[in-house]
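Okay, so here's the structure we're looking at.
The values are calculated or read from the model by the stated rules, or taken from the named source; none is laboratory data. Just so you know, these numbers come straight off a predicted model, no measurement behind them. Reconstructed Cβ throughout: ideal geometry from the backbone, glycine too, with neighbour counts over all protein chains shown.
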Amino acid sequence: MSTKTVELNIGDVGAKGADASAKVDSEKMALNVGPSHPTTHGVLRLMMDLDGDLITSCEPVLGYLHRGDEKIAENMTYNQFVPYTDRLDYLSPLANNVAYAIAVEKIAGIDLPERCEAIRVLVCEMARVSSHLLGMGVFGMDAGAWTPFMYTFTEREKLYTLFEELTGARFTTSYTRIGGVARDIPDGWLDRVTHFCDNLPKAIDEVEKLVTRNRIFIDRTEGIGEVSKEDAIAFGFTGPNLRASGVDLDLRKDKPYSGYEKYDFDVPIGTRGDCYDRYLVRIEEVRQSLRIIKQVIANFPDGLWYAEDARKIFAPPKDKILSSMEELIQNFMIVTEGPQIPEGEVYFEAENPKGALGFYVVSKGGGVPYRLKIRAPSFCNLSILEHMVPGHMLSDITVILGSLDFVMGECDR
Amino acid sequence: MTANEIAYNGKVEGDVIVTKADAVINWIRKHSVWPMPMGLACCAIELMAAAASRYDISRFGMEVMRFSPRQSDCMIVAGTVTYKMAEVVRRIYDQMGDPKWVVAMGACASTGGMYRSYAVMQGVDTIVPVDVYVSGCPPRPEALLDAMIKLQDKIGDESSVKNLKGSKEIELAS
Amino acid sequence: MIDQVFTDALLDRFDSSSFRHHEDCLTLDCNPSSIKDLLTHLRDEETFDLLVDLTAIDHGTNTENRFSVVIHLYSRIHRDYLRIHSPCSDNDSPEFPSLSELFPAANWHEREAFDMFGITFTEHPNLKRILMWDSYPHFPLRKDFPLAGIETPLPADDVAEVTQANVDPAPMMGGPFVSSGDGMMSESEPRAKDESWTEQAEKPK
C-alpha cells in the first residue's frame, strides 16, 4: 500500500484567532464577585472589569462586617473590651488578646512576671499554628483540593480541645486581662500540648505531600500574584506576606515583646513574593512555631500569672477577694470603674499570624480609653489588590485571595 | 406511630407503601436539607468545623454546602449582619427557591449579639423570617447540629404545600 | 538609633515641627503645611519607609483644634517607630493634605479617616467612604455621634420597601454601664450612658 503525503499550509490557527479578536472591538464586562461568595474568606466584594478572561481593573469594597469596634471601645472599660478583640482576627483570637493587653500595659508601665509572659508566648504560638493551618487548608480548598482542608481541620480540633481546657471556650477565648491572664494553666496541660506538638509534624508532612509538590497546585500558584519588595513596603504589608516578598521584618525578632528574645527560632523569607512563596512561608512558620512551643515548655517558669503590684489594674485572686476587705474594695473598683490606666498614648504592634496587629491607645486617665485605633494587618494587605490583580485571569482570583490570607473581621473591625 | 411518619412492614404491605403525601415529602425534605452558608464572621468558622470530620454534618445529609442560593434549601446566617450587608442577605434569600428555611446562628444573627452599635442590625429577623435561632457566641458545632435537628422536626410538622405559589393553605386533618 | 542627636538634627532641619514626648517612641508635632516635606525626608533619608498607620483623633467639640491626624512610621534600620501629630485646619469641615502619593499605604487609611471623622484629604485619588455605605450621612467616630447610631434609611430602597426595615438606633437599654471615674465614689458608680433607650419605649424622664 502506498501512502501519499501532501503538505498543507493552514497557518497558525491561534494567531489567526488572535488576529480576529484584535479586529473585534471587545467590550469590557463588569463582574461583581459579591460579598457572598465561595472563597471562604469572609465578606469582601470585588468589582472587576474583565476583557474576556483577563482582569483589567479591580476595586475591592469593604465594610460589610464593620461593627463599630473603635466606637465601642470608647464606651467600655479596658477589660470589657477584651471579648471584642477576640473577634477581630477570629482565627487566632488568643494572639489578639495578648496584643491588646500588652499595648494597654505599656501605658500603665506594668512589668509582668516571667510565668505570665511564657503563658502568653505559648498561647500566641498555638494561635499562630491554628491560624496558619486553617489558612493553608482553605487555600488548598480554593485551589480545588478538599483533602488538606479536612486534615488541617482535624488538627485544629485538637488545638480547640487544648484551648477549651485552658480558657473555657474553643475559640473566642477572651483569655488575657490587663496585668495578666484570666487563670493559670491547668495541671497536665503542658504535657498535652507537648503530645500535640509531637504529633503535628506528621500531619503537616501529610498535607505537604499532597500539596507542596503537586503539579496542579504549583501551576496554579507559581508566578501568580507577584508582589515585589518595593510594592510590599509601599503598600504597608506586614507579616508572612511581607516576608514572602523578601523583606526580613519579623516583630518577634526586631522588637521582641513578652520574652520572645529568649527563644531560638528562624524566620522564613521568600524570594519571589508570589502565591506559592506565601504558602511555603506559612508552612515553615508552623514548624518554627512548634520549635518555640517546645522551648517554652522546656523552660516553663514558676510564679504568678498576673502582676501582683498592679493594684489598681489587676483584680486579686478570688479567694483573697472573698476573705479580705482590702482586696474586696480593690476588686470592686476595678470591676466598676475599670483598670485605672494613667494618661498617655502608646502604639504597640504584635506579630500576629496575619501580620502586625497594632493598637494605638490614647488614654486620658480612668478606666475607659479615649481613642483606640486598631491597625489591622488584613486592611493593609488588601490595599494591594487594586494594584496587583489587573493582568491576571479570572480563575486566579481565588488563589490570590487565598494566599493573602486575610480575615474580614479585623479588616472591617 | 403518628400519622406523619412512614412505617413499612414488608410482610404485611408487600412492595407498596401507602401513606400520606405530607409524610413522604417532608421525610425527603428534612433528610436532605442543603444549607446555604451565609458565613459572615466568626460563626462561619464553627460552621466549617461542623462540616469537618469531627462534628460531621454529613450524617444528616447536609454536607452539600452549596454557595448558590438557587440550589439550596436552608440559609444559615452565621455571623454579624451589618446594615451594609443586609441588602445582600435579603437578595440572596429572595433568590432561594421554595421551600426555604433560615437558621440564625449565633448571638449576632439572632439579636445583634454584643455589638450594640450604629452599624450592626440587631438581629437578622428584621429582614428575613427566621425558623430556628441558635444561641452562643459562637455556638458549639453540637449546638448547630441540635438546631438542624430541631429544624428537621419543624420541617416534619409542616404542611408540604406551604409556600407554593398560588396554592391555598391546605389544612391537615390531624 | 533614635536618640537625642537624631531628634535634635531632625528638629533643626524642620522648624515647623516640635518635640512632644519620647515615652514609647519619638513623637513629634508638625504643621500640616510642611508635613509632606517632613515625611519625604523621613522616607528617603532617614529610612522610615513603612507607613504603619494613619488615623485621626477627635479632641472634643469645644477644643481649639478639634481634629488631628496621627501618623506612625516604622524604620527597619532603626527598628523603631516614629509618631507625628498634626492638627487639621477647620473644626467643622476639616481638611488635611493627602499622603497617598508618598506612601500608597495611606490611601485606604485616609479613606477610613474620611469615613469615620469627615476629614477631607485634599488631592486624594479616590476619596470615598470605605467602611460605611456611600450614602451614609454621618461620621461615626466623632464625639458628638452616639454609639447607638442615628436613624437613617436603609441603603437599598427595594429591600427597605419589602421588609420595612430601617437603620434604627441600637437598643442600648440604658447601657453600657461605665463609671465616670471622678468625684466621690457614690456618685461615680456605673451609670447608664444613655445613648438610646429601648426598641419600643422612650427614655423615661
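One line per residue, one yes/no per condition, for (1) modelled with pLDDT of 85 or more; (2) in contact with a Cys (Cβ under 8 Å, 6 or more places away or on another chain):
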residue: B:GLY14; (1), (2): no, no
residue: B:ASP22; (1), (2): no, no
residue: B:ILE25; (1), (2): yes, no
residue: B:PRO37; (1), (2): yes, no
residue: B:CYS43; (1), (2): yes, yes
residue: B:ALA49; (1), (2): yes, no
residue: B:PHE60; (1), (2): yes, no
residue: B:ARG66; (1), (2): no, no
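Looking at (1) modelled with pLDDT under 90; (2) in a loop (DSSP other than H, G, I, E, B); (3) not small (Gly, Ala, Ser), find the lone condition where A:HIS66 falls short.
Result: A:HIS66 fails condition (1) only.
May I ask you to list pairs of residues, at least six apart or on different chains, whose Cβ atoms are under 6 Å apart, with the first in the stretch A:81-107 being away from every other protein chain (no Cβ under 12 Å) and the second being of a type in the set (Lys, Arg)?
Filtered contacts from the stretch A:81-107: A:VAL98/A:ARG120.
Which residue is farthest from the chain's Cα centre (by Cα), if the candidates are limited to the stretch B:137-153 and must be part of a loop (DSSP other than H, G, I, E, B) and buried (at least 19 other Cβ atoms within 10 Å of the Cβ)? Don't jump to the end; show me each part of the working.
First, pick out the residues of the stretch B:137-153 that are part of a loop (DSSP other than H, G, I, E, B): B:137-140.
From what's left, buried (at least 19 other Cβ atoms within 10 Å of the Cβ): B:138-139.
On the way: B:PRO138: 18, B:PRO139: 16 Å.
Checked the stretch B:137-153; the qualifying residue farthest from the chain's Cα centre (by Cα) is B:PRO138.
For the condition within 8 Å of chain C (Cβ to nearest Cβ) and either surrounded by 24 or more Cβ atoms within 10 Å (Cβ to Cβ) or not hydrophobic (A, V, I, L, M, F, W, C) (or both), what is the one hit in A:GLY402, A:GLY358? Talk me through it step by step, then tell me what you get.
Details: A:GLY402 fails: within 8 Å of chain C (Cβ to nearest Cβ).
Exactly one residue qualifies, and that residue is A:GLY358.
Yes/no matrix, rows are residues, columns are (1) over 30 Å from A:ILE55 (Cβ atoms); (2) out of contact with any Gly (no Cβ under 8 Å at 6 or more places or on another chain); (3) in contact (Cβ under 8 Å) with a residue 12 or more places away in the chain:
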{"residue": "A:GLY303", "(1), (2), (3)": "yes, yes, yes"}
{"residue": "A:ILE321", "(1), (2), (3)": "yes, yes, no"}
{"residue": "A:LEU328", "(1), (2), (3)": "yes, yes, no"}
{"residue": "A:THR336", "(1), (2), (3)": "yes, yes, no"}
{"residue": "A:PRO342", "(1), (2), (3)": "yes, no, yes"}
{"residue": "A:PHE348", "(1), (2), (3)": "yes, no, yes"}
{"residue": "A:ALA356", "(1), (2), (3)": "no, no, yes"}
{"residue": "A:VAL368", "(1), (2), (3)": "yes, no, yes"}
{"residue": "A:HIS387", "(1), (2), (3)": "no, yes, yes"}
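At least 1 residues that are in the same structural domain as C:THR27 (by TED's automatic domain parsing) and without any contact (Cβ under 8 Å) to a residue 24 or more places away in the chain in each: list the strands (runs of 3 or more DSSP E) lying fully within the stretch C:57-123 that qualify. Step through it out loud before you land on a result.
Numbers: elements: C:67-75, C:80-87, C:95-97, C:120-122.
Result: C:67-75.
Within the stretch A:384-399, can you find the residues that are at the interface with another protein chain (Cβ under 9 Å from one of its Cβ atoms) and either within 16 Å of the chain's Cα centre (by Cα) or farther than 18 Å from C:LEU50 by Cα (or both)?
Going residue by residue through the stretch A:384-399, those that are at the interface with another protein chain (Cβ under 9 Å from one of its Cβ atoms) are A:384, A:386-387.
Result: A:GLU386, single match.
Could you run through the stretch C:115-159 and say how many residues are surrounded by fewer than 22 Cβ atoms within 10 Å (Cβ to Cβ), touching a Ser or Thr at 6+ places or on another chain (Cβ under 8 Å) and aromatic (Phe, Trp, Tyr)?
1
Keeping to the stretch A:263-291, report how many residues are of a type in the set (Lys, Arg) and modelled with pLDDT under 90. Don't jump to the end; show me each part of the working.
Taking the stretch A:263-291 and keeping what is of a type in the set (Lys, Arg), we get A:272, A:278, A:282, A:287, A:291.
Now narrow it down to the ones that are modelled with pLDDT under 90: A:272.
The total comes to 1.
Matching residues to (1) buried (at least 24 other Cβ atoms within 10 Å of the Cβ); (2) in contact with a Pro (Cβ under 7 Å, 6 or more places away or on another chain):
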position: A:ALA101; (1), (2): yes, no
position: A:ASP111; (1), (2): no, no
position: A:ARG115; (1), (2): no, yes
position: A:LEU122; (1), (2): no, no
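Would a scan of the stretch A:339-349 turn up a residue that is loosely packed, with under 14 Cβ neighbours inside 10 Å, among the charged types (D, E, K, R) and assigned to a loop (DSSP other than H, G, I, E, B)?
yes
So which of C:HIS21, C:HIS41 ends up being more than 19 Å from the chain's Cα centre (by Cα) and more than 11 Å from chain A (Cβ to nearest Cβ)? Break it down stepwise before answering.
On the way: C:HIS21 fails: more than 11 Å from chain A (Cβ to nearest Cβ).
Only one candidate passes the filter, namely C:HIS41.
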